[in-house]
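What follows is a single structure, written as structure tokens, with notes after it.
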Amino acid sequence: MPSQTKKYWKPVPGRAVSPRYFLKYKANLFSFDYSSAVDANYLNNRTYPDFHLFQGDIYEIPFEPEGFDAVFCLGVIQHTPDPERSFQCLAKQVKPGGHLYIDVYRKSAYSRFTWKYILRPLFKNMNQGSLYKTVVAMVTIFLPLSVILVKLFGNIGTKLLPVADFYTIKLPSYAVRKSWSILDTYDWYSPTYDFPQTADTVLEWFQVNGFKDIEVYNGSNGVIGRGIKI
């Protein structure tokens, strides 16, 4: 492993328990992130003995090629310096007959006029602490207004304010909804890199990297792609 890798424990071979959604599939799960987000991930999922968590670089994944039955990368590729290269690095990890699942922000004429791209130039020079405080203040002010806007305009009402809203999702409380809004709004305005892609581009990535039974379509969070390694 690279010297920069942070590892919380050694993998335990022969065990088959993975966190949350993977648990019922008896997956042996490996997960990594380049940022300190691994610390929160560890605190949330440390009780699962076959969840192997480390800090690492998507361009230097510390495993032999073609070693995984399935590789998932959701909400990440568009935030890397070179999304196509990131896809290639993930594709190399999939064994023949294995599956690769990704999503990436959708590139469209409309997307450039969403709040995160309109306001991001105002926030790009802020340090993380100041940006977070600004986001909390924005959510505190604007989120209550979404109730009125949704009643007036339906789902479109959730897109009229410069904060992320989860009004249409049944969450257990307003506090949870506000917490989700803060996290997602921060994600809108904080990325150093943000490179949306078209469905045609994602399809080409799968084809060039040797996948079959490819499905690429526009989903609620952008372009979703999946395929089986030849």
Assuming H79 fulfils every condition listed in (1) in contact with a Pro (Cβ under 8 Å, 6 or more places away or on another chain); (2) closer than 24 Å to F22 by Cα apart from one, which condition is it?
(2)
Would a scan of the stretch 203-215 turn up a residue that is within 21 Å of A109 (Cα to Cα) and basic (K, R)?
no
If a residue has to be at pLDDT 80 or above and touching a Phe, Trp or Tyr at 6+ places or on another chain (Cβ under 9 Å) to count, how many in the stretch 42-52 make the cut?
3
Only one of these conditions is not met by K124: (1) of a type in the set (D, E, K, R); (2) surrounded by fewer than 19 Cβ atoms within 10 Å (Cβ to Cβ); (3) within 19 Å of L203 (Cβ to Cβ). Which number is it?
(3)
Identify, by number, the condition in (1) part of a loop (DSSP other than H, G, I, E, B); (2) at pLDDT below 95; (3) within 20 Å of P96 (Cα to Cα) that G75 doesn't meet.
(3)
Given the structure, is P96 closer than 29 Å to A164 by Cα and loosely packed, with under 13 Cβ neighbours inside 10 Å?
no
If we keep just the residues of the stretch 177-230 that are aromatic (F, W, Y) and not in a helix (DSSP H, G or I), which is nearest to P121 (Cα to Cα)?
Y193
Select from the stretch 122-159 the residues that are hydrophobic (A, V, I, L, M, F, W, C) and in contact (Cβ under 8 Å) with a residue 12 or more places away in the chain and list them in ascending order.
F123, L131, V135, V136, M138, V139, F142, L143, L145, V147, L149, V150
Answer yes or no: is there a residue in the stretch 28-37 that is free of Cβ contacts under 8 Å to residues at least 40 places away in the same chain and in a helix (DSSP H, G or I).
yes
Would you point out the residue of the stretch 107-135, among those that are in a helix (DSSP H, G or I) and β-branched (V, I, T), that is nearest to K159 (Cα to Cα)?
I118
Given the structure, is A91 part of a strand (DSSP E or B) and either under 27 Å from N218 (Cα atoms) or without any contact (Cβ under 8 Å) to a residue 60 or more places away in the chain (or both)?
no
Just for the stretch 94-106: of the residues that are assigned to a strand (DSSP E or B) and of a type outside the set (A, V, I, L, M, F, W, C), which one is farthest from E64 (Cα to Cα)?
R106
Taking the stretch 149-176 and keeping only residues that are more than 22 Å from the chain's Cα centre (by Cα), exposed (fewer than 13 other Cβ atoms within 10 Å of the Cβ) and not in a helix (DSSP H, G or I), one is left with P172, S173
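The values are calculated or read from the model by the stated rules, or taken from the named source; none is laboratory data. Keep in mind that this is a model prediction, so the values were computed, not measured. Please note: Cβ atoms are built from the backbone with ideal geometry, for glycine as well, and neighbour counts cover all protein chains shown.
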